[in-house]
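The values are calculated or read from the model by the stated rules, or taken from the named source; none is laboratory data. Nothing here was measured: the structure is a model prediction, and the numbers come from that model. A quick note on method: Cβ atoms are made from the backbone with ideal geometry, for glycine too, and the neighbour counts reach across all protein chains shown. The protein model used for the area step is the full one, side chains on, heavy atoms only, and it has no ligands, DNA or RNA in it. Shrake-Rupley method; radii C 1.70, N 1.55, O 1.52, S 1.80 Å.
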Amino acid sequence: MVLNKKVVAKVLCAATVAIGFFMLIPCGVSLLYNEQRSAVSFLICAVPMILLGAVLLKVIGHTDRKTLGLRDGFFIVGSAWMVFTLFGALPFVISGAIPSLTDAYFETASGFSTTGASILTDVEALPKGMLFWRSFTHWIGGMGILVFTIAILPALGIGGQKIMRAETTGPSMDKITFTFNDSARSLYLIYSAMTVIEMILLLLFGMDLFDSVVISFGTLGTGGFGIHADSCAGYNDICQMIISVFMMLAGINFNLYYLALNKKGKQALKDTEMRVYLAIVAGATCFILGMLMLTGQAKSLWEAFRLAYFQVCSIITTTGYATCDFDLWPLPVKFVLMLLMLIGGCASSTGGGMKVIRFILGVKIAVRSVRRRFHPNAVSTVKLGGKTVPEATIQTVSEFLMLYFMTLAIGTLLIGMENVSLITAFTSVLACVSNIGPGFEAVGPTMSFAFYSNASKWLLSVLMIAGRLELYTVFLLFTPSFWSKQ
């Protein structure tokens, strides 16, 4: 089946208009702080996007086929993230805040993909408007540009199920209301409400308005762009705990919040993935707390808990904020953090990584394979939440895990050509594919990706977007079969 070019163009035009309107917000922030150059750069980008998108929507007009095919959905999402990242990078270049297009693209890809990796060595030198846009890209990318777009697709006469499937994270995307368009609206309402609640709490406990807004964007989007050189270390203990809790909440499947709000809290609490996720957070926090106390790297039990809990929530949700340089922690602690980087958040959350549900199924699949060696004639199934997991799902998960680790291996090999250490190369790729941000050694929480060559930055940018879209959506665009007319 060939692409439905007319419908695809219509959706992309709608998304272009949406991004254009989003840019008007940091333009207003720039004007508020008397940053005329930044404001003009946003206007130069936003106005043509809005006008061109609106005109093309009018020209395209009515479409005969109102539904999107699966190929259409994958193409829209994969190409849109690549192109809109370029659009989002232009204000940085035009204003001179980040003169290099390569660096600006890397920074914006990191923003939209909610990675938080940065090429900036002096983040505090950026104008307020640019800092706002940088963090706002986290919030936009957290729930997904295209998920936002399908919330308005009914006005265009187009259904968005295929886009939702291509864009949302995790092995499956369950409808939580009668239509996928309603699902998108419900998710955004919950997402927005949680963002506002965090902002208010941070304001009440001493954080200024600008910081509370941009930090909340990064928290709920699990992005992690800090606006200070010390990330979140300069905020008071209560604010750090608020950020920690909301990072943890952002790593939970957002469908469960919808169930809880619709008086189905008991059903939500029975979710196996959420229970395992919270158990991992608790277990990792206790282990790191104990190690910090044992090695004397924390002065009190409260400090050990605060540092451990914050870093665990930040890493497992792939947010990337930091309150200390965890690269200086003991090796066993860094190993646990690296495992958390691999696991990531829950399916249909804003977190990255392989997802907790795949980790659970991966362990169960491994256990079954061992059991089969001892009992080759026994009927052995994989169960989750008391239900048998279909073999098709097991195969899909196995294939994804294989692709995930192959991507890490090949990416590490290519980045290793920069003549960096194995730990630096591996965690650079892991931090980008899993959308974490900081890694270890040369890309640790107090370092940046600025030293990499342009070629490596472009590669890491693509890996960030691919990781955000669960690999397949981007990689399919580079396969000949995707473009065949069959």
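Things worth noting here:
- Top-ranked residue in segment 214-247 [being of a type in the set (S, T, N, Q) and within 21 Å of residue 278 (Cβ to Cβ); ranked as surrounded by the fewest Cβ atoms within 10 Å (Cβ to Cβ)]: 240
- Residue check for residue 407: of a type outside the set (A, V, I, L, M) and open to solvent by 20 Å² or more (accessible area, probe 1.4 Å): no
- Scanning segment 14-26 for residues that are under 14 Å from residue 50 (Cα atoms) and not β-branched (Val, Ile, Thr) yields 14, 15, 18, 20, 21, 22, 23, 24.
- Pair list, Cβ < 7 Å and 6+ apart or interchain, from segment 23-50 residues that are charged (D, E, K, R) to residues that are open to solvent by 60 Å² or more (accessible area, probe 1.4 Å): 35/128
- Given (1) out of contact with any Leu (no Cβ under 7 Å at 6 or more places or on another chain); (2) at pLDDT 85 or above; (3) of a type in the set (Ser, Thr, Tyr); (4) not in a helix (DSSP H, G or I), index of the condition residue 381 fails: (2)
- Among the residues examined, residue 55 qualifies as free of Cβ contacts under 8 Å to residues at least 60 places away in the same chain, in a helix (DSSP H, G or I) and surrounded by fewer than 17 Cβ atoms within 10 Å (Cβ to Cβ).
- Within segment 1-37, restricting attention to residues that are among the polar types (S, T, N, Q) and closer than 19 Å to residue 59 by Cα, the residue that is surrounded by the most Cβ atoms within 10 Å (Cβ to Cβ) is 16.
- Only a single item in (1) under 30 Å from the mean Cα position of the chain (by Cα); (2) within 26 Å of residue 340 (Cβ to Cβ); (3) small (Gly, Ala, Ser); (4) surrounded by fewer than 17 Cβ atoms within 10 Å (Cβ to Cβ) is not met by residue 352, and it is number (4).
- Close contacts from segment 2-13, counting a first residue that is over 19 Å from residue 54 (Cβ atoms) and in contact (Cβ under 8 Å) with a residue 40 or more places away in the chain and a second that is among the aliphatic types (A, V, I, L, M) and open to solvent by less than 40 Å² (accessible area, probe 1.4 Å), with Cβ to Cβ under 6 Å and a gap of 6+ residues or different chains, come to none at all.
- Just one of the listed residues (397, 370) is under 29 Å from residue 220 (Cβ atoms), in a helix (DSSP H, G or I) and not hydroxyl-bearing (Ser, Thr, Tyr), namely 397.
- Checked against the criterion of being farther than 19 Å from residue 29 by Cα, modelled with pLDDT of 85 or more, surrounded by 24 or more Cβ atoms within 10 Å (Cβ to Cβ) and not aromatic (Phe, Trp, Tyr), the candidates 168, 149, 85 yield just one match: 85.
- Residues being out of contact with any helix residue (DSSP H, G or I) (no Cβ under 6 Å at 6 or more places or on another chain), assigned to a helix (DSSP H, G or I), open to solvent by less than 60 Å² (accessible area, probe 1.4 Å) and at pLDDT 95 or above are entirely absent from segment 179-186.
- Yes/no for residue 347 being part of a loop (DSSP other than H, G, I, E, B), in contact with a Pro (Cβ under 8 Å, 6 or more places away or on another chain) and not polar (S, T, N, Q): yes
- Those helices (runs of 4 or more DSSP H) lying entirely in segment 248-344 with at least 1 residues crowded, with 19+ Cβ neighbours inside 10 Å and of a type in the set (Phe, Trp, Tyr): 254-261, 272-295, 301-316
- Which numbered condition residue 455 misses (of (1) under 28 Å from residue 356 (Cα atoms); (2) at pLDDT 95 or above; (3) of a type in the set (A, V, I, L, M, F, W, C)): (1)
- If only residues of segment 410-447 that are at positive phi and polar (S, T, N, Q) are counted, the one that is most open to solvent (accessible area, probe 1.4 Å) is 419.
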